[in-house]
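One structure is given below, encoded as structure tokens.
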Amino acid sequence: MEKFARLLVQKSIAWGVVAVVLVLAAASVFFARSVKQDDDLLAFLPRDNADVRVFYDVNRRFGGLETALVGIQTKDPFAPEFLHRLQLVTKKLNQTEGVAYGMSLANIDDFVADPDKGGISTGYLIPADPPVDEAARAALREKVMSRPQVVGNLIAEDGQAVLIYGFPAFGADAKVVAARVRSVVTEGFPSEAKYWGGTPFISGYIYDVSQHDIRTLAPWASGIILLITFLAFRDVIGTALALASTGLSIVFTFGLMGALGVTANVVMGSMPVVLFALGSAFAVPILLRYYALAHAHGSDEGLVRTLVSVGPTVLAGGVTSVAALLSLLVMNIAPMRTFGLFTAFGLLVGLTLSLTFIPAVIRLVGLKGRAPTDGVLRAILVRLTTTVAQHRVPVGVALAALALAGAYGVTKVQARMDNAAFYSKGSPPDQAEAFLRDHFGGAQFFQLEVEGDLTEPGVLREVRGLADSVALLPHVTSTNNVSEIVATIDEAMEGSARVPDTAAQAKLLFGFLEGKRAVSQLMSDDRRHALIHIKVDAEKIEELEALLAQVEQLVKARPIDRYEIVDATGPRNAEATTRLRAMVATRIAALARRDGVPVGAAEIDAVKRHLEASGAVETTGAEAAILAYLRSEEFIGDLPKTPADAARKVASSLAAIGARPTKDAIAVALGKALDRPASDALVIDLVSSVARPLQGILAHEAATSGAKRLVAAAHLTLPAGAKGARFVSAVGSTLMDLDAPTALLPVAAGAAPDGPRIGVQVTGLPVMNRGLSQSVAVNQEKSIVFALVLVVALMSVIYRSIPSGLLAASPVLLTLLLVYGAMGALGIPLEIGTSMLASLITGAGVNYAAHLLAAWRAPDGGDDPVRAAAAAAATSGPAIATNALMVCAGFLVLTRGEAKPLQSVGGLTAAAMLTAALATFVALPVLARRRSYVTPTPLGRIEPVLTSSDAPEATPDITAD
Amino acid sequence: MTRSFRSGLLLAASALALMTHGTSARADAPGDKVLTAMDGALNRAKTQYFEYDVINQEPGKGERKLGLQVRLKGDKRFTEFTAPADMKGTKILIMSPTQMYVFLPAFGKVRRIASSVSDQGFMGMTFSQDDLASQAYNATYEAKIGSETPTEYHLVVTPKAGQTTPYAKMEITVGKEKMLPSEIKYFNAAGTNVKTETRTGYTCEGNVCVPSELKMVDNTKGGASTKMIRTKWKVNEEMSDDLFSKRALGE
């Protein structure tokens, strides 16, 4: 070290060092400008976790689930002026670059049956010219509020808010899309209260507040650090040097990231402050030491002596800090590894600059030495350490008790991740979540991914059945799945909202859904994977986790994996009937919950009993329906002019032949009505025209009649108005499934289990958060163990003694126990931000121990540990305390920001650093028993400080007494 | 979903209505005269029969193909899907803008659908009903000549006062030889070029000329596009009115 020091004090070498640093700094600035921010929260999910793998697969398959949600509060969403603006905003969103699809109440399609002409009339649910008069507005309100797919999704049930969805286009930056959506909506609704939810807005918010915090808080943090440093040095050049070396380490780090094309992330936002705080731990001791030694020996000799005495300690402490940061590499969370790697690099740069650049500049500017003062801080630290050393047994017992209490608290620490980990209470995302929960049944979603042949009606019914089962669980406010979409389009085509009976029909309906973004969120393009979206109103993480457990249990207990499609009237008809009845009963219960029909166990039992009692099929309203059909524009046949009123006679005759007529029976009935033989050409032609529509009409009428009887038998109390009517209609459509021609059943007993299968997996952000929580816990344990082992190993090598290595690590261990114990006691969860705490504590804490032990030596070679402690505190204490205060102040500033991760890291690290410094000044005097920890070791020897009241070469008696 | 139907009906059938009836309007300004001439060139045929391969391309996804046969006569349009297999045999009859019927073979029945929505695509197509149906412009738009080359006019087309139109502005490149459009850029009210349509490979039968390929790129959807490639074309052949009846749907 002395050779190196003497080399460095040569003017030419010093100039060379400064030149190299400046050139590298310039290059770093150039590259640093190209560093891009990646604010993808999903990047924090560990890829080797099973839940995470499923989530990524789903995200890839369904093109991302990052939907921007905008809630708008309004007293009257049916006011024409409001609806007009909603129409304009929705239209504009759909013409906005990067928005694949913008959806609101204004562009939802709707259809109604046309009782006169037959068929349906389709159009937007909200007419192009919203009604102005009160009666028409009331009618529109009733119509809209009767649509279950709209209420709770696009308009609040209380009619006080609307929701706009923005689906990003493929490859579009969700954050950019969110900004554009925000711009369009704000322009359209400048005065209404707006709530921005969904991943794109949350990501954007986190990015924005992190950037804002860094921009606004970094100057404050720097200022406070500057002030503390200046108070410690009382020298402008020294202060500037300390800050310049740490500043350069930040520039170099971002330069390397830019050169390597590494993106920054949310956690990386705290890296500059971390580097500033920890990096200063290298510069401060060197400068403080230099002032004293330069005063005693002159500038050049003082510089050499500084590097020889304190340099090895700084190096040892620095390398250990770097190793502690590198312990983050054992984590399986990529952004944390990136943070650990580049922060470690930054520390290494700071360490290198402290040992080269700072001495070089000192040499070139000829920094003057200064006699150290007695200082209050030094006196306090000396008093503290000597008091502890004098009362080591009681203090040791107290420390042990504290450590035990901390250890107990550690067992209470819970790893827990949820959205709230990224934003504070009362922040815009939090307000949006509360708004969505209050008005739209929740802002939390998770999904079930179903794998199977979705063109098979049996599989579509299974998807719907699964969704129905989940819909009955507590906290589930709604579900959405592709079978509902298919049922809606089937209703438009056939008049009944149900899964069609044949694969050909299902495939045909799917054809009309091609290219629909709303559908692509529910079904993959290859029609092999479906997503069931489940919306929940759970406020507490515990409620959500309990629900997840219930759903997972439900999935696990599913009766069908490998399946076969069986003829409902074939050999397994009993099983088919049972299966279909069970699904219908669940469906009716789910419909009841959806439409606000009170059902308890008694009602559900009554429904089941009714389904099992296969009563007579009634087609009460069939004649009128058939007559309406014959007079509609959908009837493509030709009725003869005679007999008079042929349509009425045909309708009457056809209505009398039962619910499931054959073509022969239809021909006979038609012939009878028209006074012609069944073999008549006109009759045969009419049979081909009316057979399929007639079957549909009769089945629908039978189901409607059956639904009314079921409602009466089960004593169901229907809501008034359109909602109640819609429930009966939905039950009727559901009952038609009892007559499905095929059913999906488990592979028959004894058959080879090689049939097609239906796979179901639970996924979504709540599942992710759970996986991430588990991962954070495991990662934390790994990184702590790894960091401690590294520290003890390095320190043991440095001190050539394992006990000394353990001694150096003891303040770190005590700090970890106290800080994590406090987290457990205070209920502060372990999450991404706090999981980096251990490495930071270890890195900084071990530095303190190294410096205190390096100065641990009783004056005049005595054996008195009290005097050794006093000497160590007097010599290294101010540097340790100064650095701890700097770190604390730097991190504490982060708590004043809005970014939750920065707040967590800031507050806890500030507390931890003070604890680490205190632990160093308390634990080491209790445990250290050797007269010296400096020779003969690679650390060299830190000479005692000479205060201004001492003679330059005298050895001070700095003990308290 | 319902949107699908109505779009399907209008769209698939009018899918090729690139040249039905014309609309006469007085054209005083040079731009309006060019627009009127273009309308005339677009709407000369009495009947037409097309077969089209339609290729939809969404960013990040594979191509999706449709096959269509379209018959046009006056206001009536009859379309039959020939591909994909799931849609084969599906027929759509448009008797008028509000009177449409669809026959879905798997259901064996005719469904009447009255629709009032025309600004959406169908089956992933970037052409909306409005895009395909608008073949006569001078009734609702006025034009000025933005620039001119020896072979082309570049029209800037905006809605006439009091007219409600799907787009706030269009820029149409019209070839002087046939007076037919080769490119149409569609703009929204904010002045953004939201879609760009190109019509290429014009061939003629007599004085009726139609493009062999139409392509619509949606600039707001990452470049999603629909290409309609004409594979067969017959013009002014005799077509019985029976071909445009509900009964024809079920046959």
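Dipole of the protein assembly as shown computed with +1 at Lys/Arg Cβ and -1 at Asp/Glu Cβ about the Cα centre; of A:Tyr205, A:Gly596, A:Thr815, farthest Cα towards the positive end is A:Thr815.
Using a/c under 1.5 as the rounded threshold, could you call chain A rounded, prolate or oblate? The axes a ≥ b ≥ c are square roots of the C-alpha gyration tensor eigenvalues, and prolate needs a/b larger than b/c, oblate otherwise. Mind showing how you got there, number by number?
Working: a/c = 3.53, a/b = 2.84, b/c = 1.24.
It comes out prolate by the Cα gyration axes.
Cross-link reach is defined here as a Cα-Cα straight distance under 17 Å, omitting same-chain residues fewer than 8 places apart; for B:Lys144 the lysines meeting it are B:Lys33, B:Lys160, B:Lys169, B:Lys176, B:Lys185.
Below 8 Å between Cα atoms, with a sequence gap of 6+, how large is the relative contact order for the range A:67-197 in percent?
44
DSSP bridge analysis restricted to the protein assembly as shown gives an antiparallel fraction near 95%, rounded to the nearest 5.
Take the Cα of A:Asp158, step 7 Å toward its Cβ, do the same at A:Thr717, and the gap between the two points is 2.3 nm.
Each part reduced to its alpha carbon centroid, the range A:324-370 and the range A:663-681 end up 96 Å apart.
Compared with the dominant Cα axis of chain A, that is its longest principal axis, helix A:541-556 is turned about 50°.
Figure legend: label point modelled 7 angstrom from the Cα of B:Lys46 along Cα→Cβ; residues of the range B:199-221 with amide N under 20 Å from it are B:204-210. If a spin label sat at a point 7 angstrom from the Cα of B:Glu238 along the line to its beta carbon, the backbone N atoms of the range B:32-72 nearer than 18 Å would be those of B:46-49, B:72.
Phi-derived couplings, Karplus 6.51 cos²θ - 1.76 cosθ + 1.60 at θ = phi - 60°, listed residue by residue for the range A:526-531: 7, 6, 10, 10, 10, 10 Hz, with x used for Gly and Pro.
The helix-only estimate of mean residue ellipticity at 222 nm for chain A, built from DSSP H runs of length n ≥ 4 each weighted as -39500 (n - 2.57), is -20500 deg cm²/dmol after division by the residue total.
Between A:Ala546 and B:Ala190, the modelled labels are 4.6 nm apart [label points 7 Å from Cα along Cα→Cβ].
Applying 1/(1 + (r/R0)^6) with R0 = 22 Å to the Cβ-Cβ distance of B:Thr200 and B:Ala83 gives a FRET efficiency near 0.45. Spin-label model, A:Leu329 to A:Glu612: label points 7 Å out along the Cα-to-beta-carbon direction sit 6.7 nm apart. Each Lys and Arg contributes +1 and each Asp and Glu -1, all at the Cβ; summed about the Cα centre of the protein assembly as shown, the dipole is approximately 1660 debye. Legend: ranking of residues A:Ser705, A:Ser249, A:Ser520, A:Ser12 from fewest to most surrounding C-beta atoms inside 10 Å; resulting order A:Ser12, A:Ser705, A:Ser520, A:Ser249. Other protein chain C-beta atoms within 10 Å of residue C-beta, averaged over B:221-228: 3. Each part gets one Cα centre, and for the range A:215-283 versus the range A:903-936 those centres are 23 Å apart.
By other beta-carbon atoms within 10 Å, ranking A:Thr356, B:Thr165 with the fewest at the front produces B:Thr165, A:Thr356. Potential lengthening of the chain between A:Val112 and A:Thr216 amounts to 31.8 nm, from the contour at 0.36 nm per residue minus the alpha-carbon distance. Rounded to the nearest 10 degrees, the inclination of helix A:601-612 to the longest alpha-carbon principal axis of chain A is 40 degrees. Computed about the Cα centre, the dipole magnitude for the range A:67-197 is approximately 440 debye when only Lys and Arg (+1) and Asp and Glu (-1) carry charge, each at its Cβ. Please work out the Cα center distance from the range A:82-106 to the range B:42-111, rounded to the nearest Å. Centre-to-centre distance over Cα atoms comes out at 28 Å. Once you list every other residue whose beta carbon is under 12 Å from the beta carbon of B:Gln57, what net charge do they have if Lys and Arg are +1 and Asp and Glu are -1? Residues near B:Gln57 contribute +3 overall. Contact order, relative form, for chain A: 19 percent (alpha carbon pairs under 8 Å, 6 or more residues apart, mean separation divided by residue count). The lysines whose alpha-carbon is closer than 24 Å to the alpha-carbon of A:Lys723, local same-chain residues fewer than 8 away aside, are A:Lys75, A:Lys143, A:Lys535, A:Lys608, A:Lys708.
Using the 10 angstrom Cβ neighbour count as an exposure proxy, how do A:Val23, A:Val762 rank, fewest first?
With the sparsest Cβ surroundings first, the list reads A:Val23, A:Val762.
Using a Gaussian network model of chain B whose springs link C-alpha atoms within less than 10 Å, name the residue from B:Thr173, B:Thr47, B:Thr231 with the highest mean-square fluctuation. Highest fluctuation among the options: B:Thr231. The angle separating the long axis of helix A:236-260 from the principal Cα axis of greatest extent in chain A is about 40 degrees. Think of the protein assembly as shown as having a plus end and a minus end, set by charges on the Cβ of Lys, Arg, Asp and Glu; of B:Asn193, A:Ser688, A:Thr216, A:Thr216 sits farthest toward the positive end of this dipole. Answer with one residue from B:Pro150, B:Leu180, B:Met123: the one whose Cα lies farthest towards the positive end of the charge dipole of the range B:2-239, charges on Cβ with Lys, Arg +1 and Asp, Glu -1. Value computed over the given set: B:Met123.
Coordinate-derived values only; no laboratory data. Because the structure is a prediction, the values reported are computed rather than measured. Cβ: placed from backbone, ideal geometry, glycine included. Neighbour counts: every protein chain shown.
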